[in-house]
1. Hey, got the dipole for the chain? About the Cα centre, +1 on K and R Cβ, -1 on D and E Cβ, debye to the nearest 20?
2. Mind pulling up the Rg/Rh value for the chain? Radius of gyration and Kirkwood radius, both on Cα.
3. Which peptide among 65-73, 386-394 comes first, and what is the full order, when sorted by highest mean count of other Cβ atoms within 10 Å?
4. Round to a whole angstrom and tell me the spacing of the C-alpha centers of segment 307-358 and segment 386-451.
5. Among Arg254, Arg432, what's the order by accessible area (1.4 angstrom probe), most exposed first?
6. May I ask you to derive the relative contact order of segment 295-451, considering only C-alpha pairs under 8 Å and at least 6 residues apart, and to give it as an integer percent?
7. Pull out the extension gain between Leu222 and Lys287, defined as 0.36 nm times the separation in residues minus the alpha carbon to alpha carbon distance; nm, one decimal.
8. Computed over the Cα atoms of segment 338-429, what is the ratio Rg over Rh, Rh following Kirkwood?
Amino acid sequence: MEFKSINPYNGEEVGTYIGLSDTALDAKLKLAKEAFTKWKKVPFEERAKLMSKAGEVLKENVEKYAKMITLEMGKPISESRSEVNKCAWVCEYYAENAQEFLKDEVIETDAQKSFVRHDPIGAVFAVMPWNFPFWQVFRFAAPTLTAGNVGLLKHAANVFGSAEMIEEVFTKAGFPEGVFQNLIIHHDKTDKIVKDDIVKAITLTGSGRAGSAVAEIAGRNLKKSLLELGGSNAFIVWEDADIDKAVKTAITARMMNCGQSCIAAKRFILLEGVYDEFVEKFTAAVKDLQDGDPLNEDTKIGPMARKDLADELNRQVNESVALGAELLHGGNQKECYHEPTVLGNVTPDMPAFKEETFGPLATMIKAKSIEHAFELSEQSDFGLGVTVCTEDIEKALSMAGEVSDGAYFVNELVKSDPRLPFGGTKNSGFGRELAKDGMMEFVNRKTVYVK
């Protein structure tokens with residue numbers, strides 16, 4: 001099977017990639033098994049040294065890797081550079097902290113000695129998306145490989161160039177052959193891979209449909225799965241908030257990566273007293289965003305990654321307007337480009353509220369009170385994260401329990417950070433990535449007891 005990567009900005013071909021035959025895939029699975037038997041015995045200090053070196057390779061090749069990200073999925077080049085540098089950070093973080101995370105946990109019992117040790121489990125199979133083609137992979141790979149596991153990557157077909165470069169990073173860093181392998185395959189090979197004895201766990205970042213399918217395969221084979229799925233994050237603005245600061249944060253929270261992020265703020269829930277001011281200032285800021293060629297340093301809004309994604313966003317806009325939403329700005333689409341769009345007076349019966357809107361669409365929703373704002377926030381099938389903007393920090397903290405999401409940010413956009421666990425609830429998936437929690441997902445927490 002042949003795969004083509006197409007530049008969404010100009011329609012030009014970025015690269016062509018030939019899928020693995022069953023024989024070639026079998027050879028890679030065999031190589032992973034052989035690599036694990038040796039890699040798990042490599043002293044931690046050596047594994048950490050190699051992961052640190054991977055971070056150096058990333059920093060030394062920022063321009064090369066950033067350009068590939070931008071060419072393949074349309075992210076503005078400045079954001080692509082930031083993505084590559086963040087990947088270097090996560091490599092450095094685990095190189096510096098994993099030994100503490102993995103050390104034996106002594107537990108006092110009536111035994112002479114009792115403790116929990118953390119052993120690698122084998123190969124972790126990662127199914128990754130196109131929207132952050134480097135970051136999504138490295139936030140899985142850095143803790144997984146440092147813990148002594150090996151990694152198998154099935155990336156989104158439109159970013160296979162990025163996938164090959166990611167494997168190149170680990171090769172250049174000096175990781176042994178087979179410790180990290182990129183698989184050029186169609187998703188119909190997933191079942192075969194998950195069934196293989198070397199694969200002990202599956203991690204997927206992507207759509208709910210993809211997550212359900214992979215979790216079903218994993219469950220049928222009694223393999224652990226970690227799912228990072230969609231989101232419809234609420235961005236709640238209280239009446240005491242600094243509106244100018246809130247708008248500045250909100251623009252980044254919604255429009256970064258052309259809005260194509262699971263943790264983007266998608267539903268702006270505004271107390272009635274600040275609704276008009278926030279909407280006016282937010283809309284003005286959206287109008288100032290420069291669009292164009294994502295390789296241009298000044299571009300803030302590029303194309304969406306594929307035309308079908310822009311088509312779907314346009315459907316959500318049009319159907320919401322037909323149901324009474326007010327089109328305050330934008331709404332136009334041409335091929336992969338969708339104009340940044342603001343909808344006012346959005347209500348829970350509209351697609352712009354009910355569905356995940358994966359693109360540059362901001363929906364403005366009125367709330368009668370703080371309690372009503374949280375009720376509206378909870379009216380979602382997703383549970384990834386919530387932002388609250390307010391000057392009353394203590395009150396905001398006291399209400400963190402009102403939110404069922406996996407993250408609660410005050411006066412800041414929801415974002416992932418290597419130092420903090422990341423993950424959601426409800427249809428946003430299960431399990432946690434990053435920090436110590438992410439490393440513990442793919443180790444055998446083994447109880448050791450000496451009488």
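1. Details: 54 positive and 69 negative charges, 395 e Å.
Here the chain has a charge dipole of around 1900 debye.
2. Working: Rg = 22.5 Å, Rh = 22.8 Å.
Dividing the radius of gyration by the Kirkwood radius yields 0.99.
3. Values: 65-73: 24.9, 386-394: 19.7.
So the order, starting with the most tightly packed, is 65-73, 386-394.
4. For segment 307-358 versus segment 386-451, the Cα centre distance is 30 Å.
5. Values: Arg254 0, Arg432 65 Å².
Of Arg254, Arg432, the descending order of accessible area is Arg432, Arg254.
6. Details: 234 pairs, mean separation 21.8, N = 157.
About 14 percent, as a whole number.
7. Working: separation 65, 0.36 × 65 = 23.40 nm, distance 5.06 nm.
Length gained, Leu222 through Lys287: 18.3 nm.
8. Rounded to two decimals, Rg over Rh is 0.96.
The values are calculated or read from the model by the stated rules, or taken from the named source; none is laboratory data. Computed from a predicted model, the values in this text were never measured in an experiment. When we count neighbours, we look across all protein chains shown, and the Cβ atoms used for this are built from the backbone with ideal geometry, even at glycine. What goes into the accessible areas is simple: the full protein's heavy atoms, side chains included, and nothing from ligands, DNA or RNA. Shrake-Rupley method; radii C 1.70, N 1.55, O 1.52, S 1.80 Å.
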